[in-house]
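Student: Before I ask anything, here is the structure I am working with.
The values are calculated or read from the model by the stated rules, or taken from the named source; none is laboratory data. This one's a predicted model, so the numbers in the text were calculated from it and none came from an experiment. Counting neighbours? That spans all protein chains shown, and the Cβs are built from the backbone with ideal geometry, glycine included. We work out accessible area using only protein heavy atoms, side chains counted, and drop any ligands, DNA or RNA first. Shrake-Rupley method; radii C 1.70, N 1.55, O 1.52, S 1.80 Å.
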Amino acid sequence: MKRGTGHSTKGRAKSAPATSPMADTQRLEFVPVLRPRLPSADAIVNYLRRIDDTRIYSNFGPLVAEFQRRLEHLLGTPARSVVSASSGTTALIGAILATAGTASAPRLFALMPSFTFAATAVAAERCGFQPYLVDVDPTTWTLDPAALENHSILSQVGAVVVVAPFGRPVRQAPWIRFGELTGIPVIIDAAASFSCIARAPEPFLGPLPTVLSFHATKSFGIGEGGCVISTKAALHDRLVASLNFGFVANRDSALPSVNGRLSEYHAAVGLAELDSWSTKCAALNEVAKNYRNSFASVGLKDGFFALPDVDGNYALYLCRSKAESESVQAHLNKGRIDFRFWYDKGLHHHKHFSNVARDSLPVTELLGHRLIGLPMAPDLNENAIRRIAEAVCMGVMTAHQDGNVETRECPTQ
Ligand SMILES: *Cc1c(COP(=O)(O)O)cnc(C)c1O
């Protein structure tokens, strides 16, 4: 390849400055990869007082009902389209049970991407399915329905769990078509997709059950919680039952189920989070904008992803090679900047899922090594963002000097 050339394409600075801004690591403040901020005690307390009055603590009580209604209003979906859950994972379990039920011998598999968080496979497994891992599209990072339509495993598949990677929302229409064509229930794991969906819900919400997580690390956070959204009225009672011991109209357990109810206390945090959502959302957008400007000024805007491309709690940098990724990681470490591979290198690299059935996964392998999760917080300051962009740039430039990839340069600010 271009090993040893080491020349700048534009004839400017060819090497790192002798003293980089990161040289004095001792004095640099550590930047954590994620610093969530949920509603303060003061913002929650009036809702908690309502719990003291009603003495209703769970079981789809009044605060949960209000939380669901306000979510429906924000997302523009009909009444009874949002069913809350105790976590994103229980919401996924409820959505699978309500649509696909538990696995049967002839249809043992739940088809899903390997490029996702462990919860996707954990939820399918709790419903009796064996995960069958497939690769993702290199541009969308998610499953491609057209590519899967004729997959040879489909006759043994009882559910397809599509994932909105890093919250990049998944359109319903092609998956509705896929469901009609194959007869297989489709569930959308949009756990991290709240801010992306809320800004333009229409193409992303519909009859297919779409799962959101309200975990503290997501952009809309309540500690632990989640919901399933479906505009299909007939699904509502089944979703509630699947999250509530299979109870439909009475205390007869009539369907496969789990206890996945959201408590009134968590709904209190949810209502407070809704009260301040527009402020938080604006703050996340501002951080994303500052990030984009900083990456543009070091000439790396093409590899950078934040709102609105991915959800508000993510800032990602896609390296062009594994060598570049390793160099960027080294410079982030040196600059005391935390980072994370949010989906590790794919589910098939986890011990528990290392032996599950799967296709070959070249795109997952590629993304797993190259897509670096950078720090994010609603109050991440411009100085930290500049340090991050510079560290990434130094990493990219150093990799190029080592001749691993085509030469680039790193402007000093
Ligand atoms: C966060 C997340 C989940 C799990 O949500 P919890 O609320 O933590 O259970 C599932 N899938 C994806 C893609 C996620 O990002």
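Student: Kindly rank 258-267, 211-220, 144-153 from highest to lowest mean number of other beta carbons found within 10 Å of each residue.
Tutor: The densest-packed peptide leads the list: 211-220, 258-267, 144-153.
Student: Just flag the trypsin sites (Lys or Arg not before Pro) in the stretch 23-89 sitting in loop per DSSP whose Cβ has no more than 12 other Cβ atoms within 10 Å.
Tutor: Arg55
Student: Same structure again: Can you work out the PRE-style zone for Glu286? Point 7 Å along Cα to Cβ, and I want the residues of the stretch 366-381 with backbone N under 18 Å.
Tutor: Inside the label zone: 376-381.
Student: Something else now. Along the Cα-to-Cβ line of Gln130, 7 Å from the Cα, sits a label point; which residues in the stretch 336-353 have backbone N less than 20 Å from it?
Tutor: Answer for this model: 347-353.
Student: Looking at the chain, what % of its DSSP beta bridges pair antiparallel, to the nearest 5?
Tutor: 50 percent
Student: In nm, to one decimal, how far is the His73 label point from the Val248 one, both placed 7 Å along Cα→Cβ?
Tutor: The two pseudo-label positions are separated by 3.2 nm.
Student: Hey, another quick one. Could I have the simple spin-label model distance between Glu180 and Asp344, label points 7 Å from Cα toward Cβ, reported in nm to one decimal?
Tutor: 3.9 nm
Student: First select every other residue whose beta carbon is under 14 angstrom from the beta carbon of Glu326; then total the charges, Lys and Arg +1, Asp and Glu -1.
Tutor: Net of charged neighbours comes to +3.
Student: Still on this structure, I have one more. Given 0.36 nm per residue, what is the gain on full extension from Ala200 to Lys232 after removing their alpha carbon distance, in nm?
Tutor: Taking Ala200 through Lys232 to full extension adds about 9.6 nm, to one decimal.
Student: So if we plug the beta-carbon distance of Lys351 and Asp52 into 1/(1 + (r/R0)^6) with R0 = 41 Å, what FRET efficiency do we get, rounded to 0.05?
Tutor: E between Lys351 and Asp52, to the nearest 0.05, is 0.35.
Student: Taking the C-alpha atoms of the stretch 176-325, how large are the radius of gyration and the largest Cα-Cα span, Dmax, in Å?
Tutor: 19.1, 63
Student: If you split all Cα-Cα distances of the stretch 126-264 into 10 Å bins from zero, what percentages do you get per bin, shortest first?
Tutor: Histogramming the stretch 126-264 at 10 Å steps yields 11, 37, 38, 13, 1 percent.
Student: Write down the accessible area per residue of the chain in Å², having rolled a 1.4 Å probe over the full set of protein chains.
Tutor: I get 43 Å² per residue for the chain.
Student: Against the 2.2 N^0.38 Å scaling, with N counting residues, where does the stretch 288-359 land? I'd like the Cα-based Rg ratio to two decimal places.
Tutor: Cα Rg divided by the expected 2.2 N^0.38 Å: 1.33.
Student: What are the semi-axes of the equivalent ellipsoid of the stretch 42-123, taken as the square roots of 5 times the eigenvalues of the Cα gyration tensor, listed largest first and rounded to whole Å?
Tutor: 33, 14, 14
Student: Quick check on the chain: helices-only [θ] at 222 nm, where DSSP H runs of length 4 and up contribute -39,500 (n - 2.57) each and the sum goes over total residues. Nearest 500, please.
Tutor: Computed ellipticity for the chain at 222 nm equals -11000 deg cm²/dmol.
Student: Shifting gears a bit: Which percent of the accessible area of the stretch 44-108 is formed by carbon and sulfur heavy atoms (probe 1.4 angstrom)?
Tutor: 53 percent
Student: Considering only DSSP beta bridges where both residues belong to the stretch 176-276, give the percentage that are antiparallel (nearest 5).
Tutor: Here the antiparallel bridges make up roughly 65 percent for the stretch 176-276.
Student: How big is D for the chain, in µm² s⁻¹ as a whole number, if Stokes-Einstein is applied with the Kirkwood radius of its Cα pairs at 10 °C and 1.306 mPa s?
Tutor: Answer, rounded: 71 µm²/s.
Student: Moving on. Could you point to the residue in Ala282, Ser327, Ala384 farthest towards the positive end of the stretch 282-413's charge dipole, with +1 and -1 charges on the Cβ of Lys/Arg and Asp/Glu respectively?
Tutor: Towards the positive end, the residue furthest out is Ser327.
Student: Quick one: dipole size for the chain, taken about the Cα centre, charges +1 on Lys/Arg Cβ and -1 on Asp/Glu Cβ, in debye to the nearest 20.
Tutor: Computed about the Cα centre, the dipole is about 520 debye.
Student: If contacts are Cα pairs under 8 angstrom and at least 6 residues apart, what is the relative contact order of the chain in percent?
Tutor: Computed over the chain, the figure is 25 percent.
Student: With a 10 Å cut-off between alpha carbons and a GNM built on the chain, which of Ala272, Ala399, Ala105 moves the most?
Tutor: Among Ala272, Ala399, Ala105, the largest GNM mean-square fluctuation belongs to Ala105.
Student: How much length would be gained if the chain were fully extended between Ile153 and Asp402, taking 0.36 nm per residue of separation minus their Cα-Cα distance, in nm to one decimal?
Tutor: Taking Ile153 through Asp402 to full extension adds about 85.3 nm, to one decimal.
Student: While we're on this one: Could you tally the net charge around Thr116, taking each other residue with its Cβ under 11 Å from the Cβ of Thr116, Lys/Arg +1 and Asp/Glu -1?
Tutor: Cβ neighbours under 11 Å give a net charge of -2.
Student: Let me ask you something else. Pop out the carbon and sulfur fraction of the accessible area of the stretch 157-274 as a percent, whole number, probe 1.4 Å.
Tutor: So the carbon and sulfur contribution to the accessible surface is 53 percent.
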